[in-house]
Amino acid sequence: MFKSTVHRRIKNGVISQHSSAIKPQLTDENKKMRLRFCMSMIQVQSYIDGRTKVKFMEMFDHVVIDEKWFYMSKETEKYYLAADELEPYCCCKSKKFITKVMFLAAVARPRFDESGNVFFYGKIGIFPFYYQEPAKRKSKNRAAGTMETKPILAVTQDLSRSWMIEKVLPAIRDRWPMYSRGSTIYIQQDNARPHIKALDEKFQEAANLTSACNVNHQTTLNLMFWIWAFLEQFNHFNIKKPQEISTN
C-alpha cells in the first residue's frame, strides 16, 4: 500500500495510528508482588462520622536510585550559531567506540512550605562511575605518570555497595531536611543484578554509623522509574503532589 493511500485512509477515519510500547513480561508471582507493593503504599483513615479517606503514602521518607549510561558525544550534534560564531569542531578516534559513562542518581520527593515554595528539591546527587590511574607512557598530550580519569565499564555488586556507602549515604546525610532527621529512610532500587541485597550487612553497618538517619534498603520490585525524566521535571518545577481520594 502506498504512503499516500495510508495517509488518506487515516484522514478518512478508516484506519487509525497506534504506538505500542514493549512492556515487561511478568509472571503471576511478579504481578502479586507488584500488587502487594502498591497496596502497601495506600493509607486508609476512618472518621467518627463513618467517612473513610483513602490516599497514597506521601513517601517523603523514600529515596529512589537508578543508573543510566551516557555517551560522551554523539555522531551528529545540532547547534544554533550566531552570525559571527564559528562552527564547532568535534572529533574522536572512531565513531564506533565512543566513550560512555554510567551515572548513579538518587532523588527524593521535594518539600514545600505553607506558601508553596520549594525548600528541598529532592536532588540527592548524581555520581559517575570512574577511576583514576597514572599514565603508563608519555605522549604529545601528557607526560608519563599524569593521572588520567577513565570510566568503569563493568559495575559489580561490590562496586555498587561501595558507591552506596561512599557516595549516596553521605549525600543523604548532608542534604536531607533538618526537621525529618532521625527518622527512617527507605532506599528504593530496581532488581538489577549488581544492586546489593536488602539485608546487606556491610551497607547496614555503614548506614547506622555514618548516616544522620536510619536508612533501610528496599528491593521489592522494579518500579521502572525513569529518574532522568523525573530530574528534568525538577528542573522545570513541574512537580505535582499526590491527590487524595475520598470515599463515602
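The values are calculated or read from the model by the stated rules, or taken from the named source; none is laboratory data. Predicted model, so just to flag it, every value in this text is computed and none were measured. Positions of Cβ are backbone-derived with ideal geometry, glycine not excepted, and every protein chain shown enters the neighbour counts. Just so you know, the surface numbers come from the protein's heavy atoms only, side chains and all, with ligands and any DNA or RNA stripped out. Shrake-Rupley method; radii C 1.70, N 1.55, O 1.52, S 1.80 Å.
Among the listed pairs Lys93/Lys150; Lys23/Lys74; Lys74/Lys123; Lys11/Lys78; Lys100/Lys202, which are separated by more than 21 Å between their Cα atoms?
Pairs exceeding 21 Å: Lys23/Lys74; Lys74/Lys123; Lys11/Lys78; Lys100/Lys202.
What the phi angles of segment 181-189 give under the Karplus curve with 6.51, -1.76 and 1.60, with θ = phi - 60°, is a coupling list of 6, x, 8, 7, 10, 9, 9, 9, 9 Hz, glycine and proline written as x.
The trypsin sites (Lys or Arg not before Pro) of segment 9-78 that meet both conditions, a loop assignment by DSSP and at most 15 other Cβ atoms within 10 Å of the site Cβ, are Arg51, Lys74, Lys78.
Couplings for segment 167-175, taken from phi via the Karplus curve 6.51 cos²θ - 1.76 cosθ + 1.60 with θ = phi - 60°, read 10, 6, 4, x, 5, 5, 5, 7, 10 Hz in order; Gly and Pro are left as x.
Remark: segment 102-118, residue by residue, has Karplus-estimated 3J(HN,Hα) of 9, 10, 10, 10, 9, 9, 9, 6, x, 10, 10, 8, 5, 8, x, 7, 7 Hz, where x stands for each Gly or Pro and the curve is 6.51 cos²θ - 1.76 cosθ + 1.60 at θ = phi - 60°.
If packing is taken as the average count of other Cβ atoms within 10 Å, what order do 186-195, 40-49, 163-172 fall into, highest mean first? Please report the intermediate quantities before stating the final value.
Working: 186-195: 16.4, 40-49: 9.3, 163-172: 19.6.
Packing proxy ranking, top to bottom: 163-172, 186-195, 40-49.
Taking all protein chains as they are arranged and a probe of 1.4 Å, the heavy atoms of Asp84 leave approximately 140 Å² accessible to solvent.
In the context of the full set of protein chains, segment 46-190 has a per residue accessible area of 70 Å² (1.4 Å probe). In terms of its C-alpha gyration tensor, segment 1-105 comes out oblate, because a/c is 1.5 or above while a/b does not outweigh b/c. Here r is the Cβ-Cβ distance between Arg34 and Trp69 and R0 is 25 Å; the resulting FRET efficiency, rounded to 0.05, is 0.45.
Partners of Lys55 within straight-line reach, counting aspartates and glutamates whose Cα lies under 14 Å from its Cα and excluding those fewer than 8 residues away in the same chain: Glu244. Computed with a 1.4 Å probe over protein heavy atoms only, the accessible area of Ser16 comes to about 100 Å².
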